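Participant: Sharing a structure with you now.
The values are calculated or read from the model by the stated rules, or taken from the named source; none is laboratory data. What you see is a predicted model, and the numbers here were worked out from it, not measured in a lab. Cβ atoms come from the backbone with ideal geometry, glycine included; neighbour counts cover every protein chain shown.
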Amino acid sequence: MIAAARVSWRYGANPVIDGVDVTARPGRVLGLIGPNGSGKTTLLRLLYGALRSPTGTVTVDGDPLGTLSPREAARRMAVVVQETGGETALTVAEMVLLGRGPHLSTFQRTGPADHEVAAQCLRRVGATHLAARSFAGLSGGERQRVLIARALAQQATHLLLDEPTNHLDIRYQHEILRLVRGLGTCSVVVLHDLNLAARYCDDLVLLGDGGVVAAGPVADVLEPKVLEPVYGIGIRRLDVDGELHLLFHPTDEEIIP
C-alpha cells in the first residue's frame, strides 16, 4: 500500500498540489485523473519520491518513503515515466535487464535467471521481436512497451506509471492496461482517457484546483455531475452490459455559431 497524507507541491508561487490525501491499496489499480495542469504527474512524483513534499507524509507499506534506501525503494516500487530521451547505445534486451539492478549486489553481474526474467517481461508486453534492436531507434510506442517491460523486470510490489498509453495505438493501450490490471500489484496510473480509466482501474482520484475533487471506486467518481464542473464539458454516462462508458459533448455556451 502507498499512502500519502497532506502532501503539497508548488512551482514558484503557484500551488499545484495542496494538502492532498491518497491511498493506493494492495492488489488494486488506482487511476489519477483530471484536466491538464491539475497535478496528476506531480502527485505521482510525490508518491515515488522524485519530489519530496514539504508537508505531510508518504508511506510504502507503512514505512516512511524517506527512510528507504534507493535500492529498497526500487525493490518495492517500479516506475514508468514519460521519457523524452532515448539516446543510448543499449539494446532493448539490455535496457530491460536494467530492471534487475535492485536485486543484484554492487559488483554482481546479471545471470541466466535475470536474462530469463527479462525475456519473460518482453514477451508479456509483446516486444520479444525487439530484443536485439537499439532502444534509441524505436518508435515512441515501442519505447513505451520496453520501459514497461523494464519496470516489470524489477518484480516490485508496487507499480507507478505516468500515462503508459501515450504513443500507443488502440490495441496496445488496452493490452498494456489489461496487463497492469492482471499483475495483482498495487498500481497507480496517470490517465487522460476516462473510458480507459473506467475499464481498467478499480479506484480513482479526480484532481482539480490543487486538491482532490472526488476519490473512491470508479462508479462513484465517474458521475457526470462530478466530472462536468472539473472538465467543463457535457458528459453522458452509459452502463452497457455491466461496463461504464462516457460520451462527451460541448455545452451550449461552448458551441460556436
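Participant: Could we say that ARG178 is touching a Phe, Trp or Tyr at 6+ places or on another chain (Cβ under 8 Å), without any contact (Cβ under 8 Å) to a residue 40 or more places away in the chain and assigned to a helix (DSSP H, G or I) here?
Facilitator: Yes, satisfied.
Participant: Something else about it: Whether any residue in region 45-66 is farther than 14 Å from LEU160 by Cβ and of a type in the set (A, V, I, L, M, F, W, C) is what I want to check.
Facilitator: no
Participant: Can you tell which of PRO26, PRO35, PRO54 is touching a helix residue (DSSP H, G or I) at 6+ places or on another chain (Cβ under 7 Å), farther than 30 Å from ALA136 by Cβ and surrounded by fewer than 18 Cβ atoms within 10 Å (Cβ to Cβ)?
Facilitator: PRO35
Participant: So, one more: Exactly one of these conditions fails for ALA132: (1) under 24 Å from PRO15 (Cβ atoms); (2) surrounded by fewer than 19 Cβ atoms within 10 Å (Cβ to Cβ). Give me its number.
Facilitator: Against the list (1) under 24 Å from PRO15 (Cβ atoms); (2) surrounded by fewer than 19 Cβ atoms within 10 Å (Cβ to Cβ), ALA132 comes up short only on (1).
Participant: Suppose we keep only residues that are among the acidic types (Asp, Glu) and modelled with pLDDT under 95 within region 169-193. Which one would you say is nearest to the chain's Cα centre (by Cα)?
Facilitator: Restricting to residues being among the acidic types (Asp, Glu) and modelled with pLDDT under 95, the top hit is GLU175.
Participant: With modelled with pLDDT of 95 or more and of a type in the set (Ser, Thr, Tyr) as the only criterion, which of THR88, THR84, THR42 stands out?
Facilitator: So the residue among THR88, THR84, THR42 that is modelled with pLDDT of 95 or more and of a type in the set (Ser, Thr, Tyr) is THR42.
Participant: Between LEU196, LEU206, which is over 11 Å from LEU32 (Cα atoms), under 17 Å from the mean Cα position of the chain (by Cα) and surrounded by 16 or more Cβ atoms within 10 Å (Cβ to Cβ)?
Facilitator: Selected residue: LEU196, the only one of LEU196, LEU206 that is over 11 Å from LEU32 (Cα atoms), under 17 Å from the mean Cα position of the chain (by Cα) and surrounded by 16 or more Cβ atoms within 10 Å (Cβ to Cβ).
Participant: I'm told THR128 meets every condition in (1) at pLDDT below 90; (2) more than 29 Å from VAL22 (Cβ to Cβ) except one. Can you identify the failing condition by its number?
Facilitator: Unmet for THR128, out of (1) at pLDDT below 90; (2) more than 29 Å from VAL22 (Cβ to Cβ): (1).
Participant: Scan (1) over 17 Å from the mean Cα position of the chain (by Cα); (2) assigned to a loop (DSSP other than H, G, I, E, B) for the single condition ALA136 breaks and write down its number.
Facilitator: (2)
Participant: Right, here's the next one. Pairs under 7 Å by beta carbon, first residue on the phi < 0 side of the Ramachandran plot in region 122-148, partner among the aromatic types (Phe, Trp, Tyr), six or more apart or different chains?
Facilitator: Short answer, once both residue conditions are applied: GLY141/TYR172; ARG143/PHE135; ARG145/TYR172; VAL146/PHE135.
Participant: Any chance region 58-66 includes a residue that's in a loop (DSSP other than H, G, I, E, B) and on the phi < 0 side of the Ramachandran plot?
Facilitator: no
Participant: Mind listing just one residue for me: the one in region 1-15 that is among the aliphatic types (A, V, I, L, M) and buried (at least 20 other Cβ atoms within 10 Å of the Cβ) and, of those, nearest to LEU177 (Cα to Cα)?
Facilitator: Step by step, filter region 1-15, then rank; the result is ILE2.
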